[in-house]
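See below for the structure under consideration.
Please treat every number below as a calculation from the coordinates, not as lab data. A quick note: this is a predicted structure, and the numbers were derived from the prediction, not measured. Here the Cβ is made from the backbone with ideal geometry for all residues, glycine too, and neighbour counts use every protein chain on show.
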Amino acid sequence: MALVKTRSRGINLADTFAFSGTVSGAGGGGITQYQQWRLTINSLNTNQSDADITSGLEIVDTNSSQTLGSNMTESGGIFTFPSTGVYLITYTGNAYSPDASDDRGVYFKIKTTVNNAQYSIAADLLQLLLWTPNSNAQYNTASVSAVFDVTDTSTHKCKFGWGTSQGTSIYLRGDTSQTQTNFQFMKLGET
């Protein structure tokens, strides 16, 4: 059989194409699961190196719900995934101290479990508070993320923690009408 070579002209996307059959292969499906949650209240940490966030959490609903696919569920600060898969978890913490007298750091921690009991730190970040001129306060915002393979939704869960390196008046900022400290869950693909 003779080999016939053709020259590629590209595709005119204004044309109409008929297709029948099945498309298979990796990727191509896009993001099917995404949800953003936020802290709704200011939370005070009095010099604890590790405190779990256990209350004041809601799905972001300003302007519209920040959800694609099914909802995450939350109870006492523990998040349950709606389906198995590989998830990108992102935690953006917004902290401040009304006292600018010394250097302070804030830890942001993502914790996961694969047995619905013992949690380990999947990711953490220490960020120093920065003094703001003319305000006599210190602020910071930082993000940390982790990829988590959820093979069983009844045992694979996550929660969020935070702590301070020193000082007794550091707050994690929250608000019910605008997003400050927030948590995002994006399903990257099947497990």
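Details
- In the range 34-189, a dipole from Cβ-located charges (positive for Lys and Arg, negative for Asp and Glu) runs towards its positive end, and of Thr151, Thr132, Ser169 it is Thr151 whose Cα lies farthest in that direction.
- Cα radius of gyration and Dmax for the range 34-189 (Å): 15.7, 51
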